[in-house]
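The values are calculated or read from the model by the stated rules, or taken from the named source; none is laboratory data. Worth saying up front: this structure is predicted, and the values here are computed from it rather than measured. FYI the Cβ positions are ideal-geometry reconstructions off the backbone, even for glycines, and counts take in every protein chain you see. Keep in mind that these areas ignore ligands, DNA and RNA; they rest on the heavy atoms of the full protein, side chains included. Shrake-Rupley method; radii C 1.70, N 1.55, O 1.52, S 1.80 Å.
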Amino acid sequence: MILGIAKKLIYSSFLFINFIHPSKSAEFKDIIKSDYNGTTKLSWSELTNRKTLFNNSNLPFSRFHDIYIDKKLLKKYSESLIAVTSEKQSEIIIQSDQQSEVDGVIYAEGNVIVESQGKILKADNLIYNKTLKTIRAKGNILLVLGEQIFESSELEYSFLDEKGYLKDVKGLVNSNNLIDDLSSNFNSSDFNTIESSLEFKKEKVLHTPAEVQNWLFFADKITIDGEKWKSKKAVFSNDLLESKQVKIVINSLEVIPDAERLRFKSSLNYLIFDEKVSIPFWVGDRTLNKSGGIYNFDNRWNVGYENLEKDGYFIGRKFNPIEISDNFVFNLEPQFLIQRSLKGYTKSFVKRAESITSDRVKRNTSFEDYFALKSQLKGGINNWDLEIEKNVNSFDFGKFSDAFRLKTKLSKEINFLDSIWNKSFYGIYRERIWNGSLGESEIYSGYGAKLQKENAWVVNGINKREILSLGLADITAEALNTKNLETHIKSNLFYALDQRFPVSVEYPKNKFVDISYKYIPEPITKGLVINTRLEASYSLYENGDHQDYLGIGIGPELTLGNFKNKTFDYTRVSFFPFYRFNSGESAFKFDQNNDNFTLGINFDQQLFGPVILKSFATLNLTNDSDKYGEFINSQISLNWKKRTYEFGIYFQPHNQSGGINFSLFGFK
């Protein structure tokens, strides 16, 4: 019975927990042989609500930790229920304070627990019709499975019609484990997990770098119709403390189970910041697969600045991802080149019939030049990950060979010499490379293989990170000293070791944050550290050329402030001199070791509230360089930074490009 609801609801059922003190339980159960055929029907008749230890209607959206759990009763139920279901998977077990049966209809009141095929439902009151296969529950409904937690005030479902609904739904969803949790059977070990997770107070949270795993979720009503469940409006938030800083409002949400995936559909949606600013966006069709991967709820509209390739500002809109097969997804983003269309000319291409290494010239534009296209194909082949990226910066066929860009990569992780390595094969057509003081260079075409290992560890408070890679490639690119294209096979060995030595550091007492942290996802580690880098590289070319270098860098990094006050409460500044001892010469321009001595500079400063200025640059200090004393690599950005998200506008003067950054921060 419960298993059937789960499949229609969100792929499985969940565990309910709201137990009261064991002395108030009648502790009897009714075991009914089930002839469940996958269908039901529901309607609600009022039952007297018994007094419970908390009122679900008063439970704040973000405070799932206030649920009371009696550990002894939890343990007792876990042992008895699991023992029965392991032997009799077709049985339905109903436990409650009071229970009666009239004409094949079971009425259960007070601390109702329904268990079937390893699934558990908890509610205040429940009616189960054994003949019609209907279930009706009301009051403090709690569904938990693994790391997924759901609350509801009322549930009705018909297994015959495969229709029903839930009201006042609230949830805490972990997207990484959603499919596994929803498709797995309940076992006794889940009680310990649930017990600990619900007792952990969300008055403070821990940042999960690089990914958003946990989402708060609520909807006024969810309707179930066959294999679909729908909601007119559902709200998601990564803010587990307040749910106010950022919300994602999904309109006309529709979720469809499909094998080992969940498919999501919606209409126009809104990204709401601090309950004041709303930005419309489209989610369209999205898929959550068993591995936990989900295509991000990102804005379909993209505004950027790219002077060398697109002549300035452009706007793009991403289409819905196209599923070519179960393993491959195709992403498409047409772009309109605003500044090129307004200028009426372009400086992004060489003269007609000239070599691709020639200087770009001013050329007249046609209607076809005002459009560009970016596409990406991603998927898996056995244990390999395949990614193909294409860029077209003009649809004028006379410029097409200069406007087309292509990159492919096939990679997987392997065990080699008792370590995890990333093995990859790649192909390139027309890739632009920025090489310090030598400026822009271009690879016409190339293909090759690479084997790379990365390690990170801590010794006596010293953070260490190393990279070791080996590569072999066949490349056609601009020669070092001429504008001609040359083709050579290149082999390369590279090693780097980065270390951070604490000198005078004040570590936070813990990594948790509460609502007093308005601007940052985790506490600031303040003080002075010394950064070092040891780098070595050797490259050999088919024509006999070779180049190698040994690089050494050391410099201070100072961090001040807590980023909690409104003005100038955070500063980070670092200087990093780096010197290379060079030998030999490359056959190409794009990888020539030309800048022997550089100074890296980073400066971040909170200005007011969430407004922060971020910048980094590389200053060329090579004595015999034509670009001595100039910044050969730089970026400056102005960001709006909050605990749960960060929005910024950036510009890179060295290659005249820029754009907009937006990030969501995850917590647990």
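Figures for the structure shown
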| read-out | value |
| --- | --- |
| Net charge contributed by nearby residues that have their C-beta within less than 15 Å of residue 505 (K/R +1, D/E -1) | +3 |
| 5 Å-binned pair-distance histogram of the range 614-662 (Cα, whole percent) | 5, 20, 21, 16, 14, 9, 7, 4, 2, 0 |
| Accessible surface, per residue, of the range 519-668 when the full set of protein chains is kept, probe 1.4 Å, Å² | 47 Å² |
| Too-long pairs where the Cα-Cα distance tops 25 Å, listed order kept, from 247/390; 244/318; 318/409; 133/167; 204/614 | 247/390; 244/318; 204/614 |
| Gyration tensor verdict on the range 466-522 (Cα atoms; rounded if a/c is under 1.5, prolate if a/b is larger than b/c, oblate otherwise) | prolate |
| Kirkwood-Stokes translational diffusion coefficient of the range 408-519, alpha-carbon pairs, 37 °C, 0.692 mPa s, µm²/s | 182 µm²/s |
| Normalised alpha carbon radius of gyration of the range 491-531 [divisor 2.2 N^0.38 Å] | 1.80 |
| Area accessible to solvent at residue 618, 1.4 Å probe radius, in Å² | 30 Å² |
| Förster radius 22 Å - calculated FRET efficiency between residue 400 and residue 356 (Cβ-Cβ, nearest 0.05) | 0.95 |
| Stretchable slack from residue 210 to residue 447, in nm (0.36 nm times residue separation minus alpha-carbon distance) | 82.3 nm |
| Solvent accessible area, Å² - residue 215, 1.4 Å probe, full protein context | 30 Å² |
| Separation of alpha-carbon centers, the range 640-668 and the range 416-457, rounded to whole Å | 25 Å |
| Area of residue 604 that stays accessible when all protein chains are in place (1.4 Å probe, Å², to 10) | 20 Å² |
| Net +/- balance of residues flanking residue 491 in space, Cβ distance below 15 Å, scoring K and R +1, D and E -1 | -3 |
| Accessible-area ranking of 535, 630, largest first, probe 1.4 Å | 630, 535 |
| Heavy-atom accessible area order for 419, 152, 663, largest first, 1.4 Å probe | 663, 419, 152 |
| Largest to smallest accessible area among 529, 361 [probe 1.4 Å] | 361, 529 |
| Global geometry of the range 482-551, whether rounded, prolate or oblate, following the gyration tensor of its Cα atoms and the 1.5 cut on a/c | prolate |
| Residues of the range 341-442: accessible area per residue with a 1.4 Å probe, Å² | 58 Å² |
| Check: the range 534-668 dipole with +1 on Lys, Arg Cβ and -1 on Asp, Glu Cβ, in debye | 1200 debye |
| Prolate/oblate/rounded label for the range 578-635 (Cα gyration tensor, a/c 1.5) | prolate |
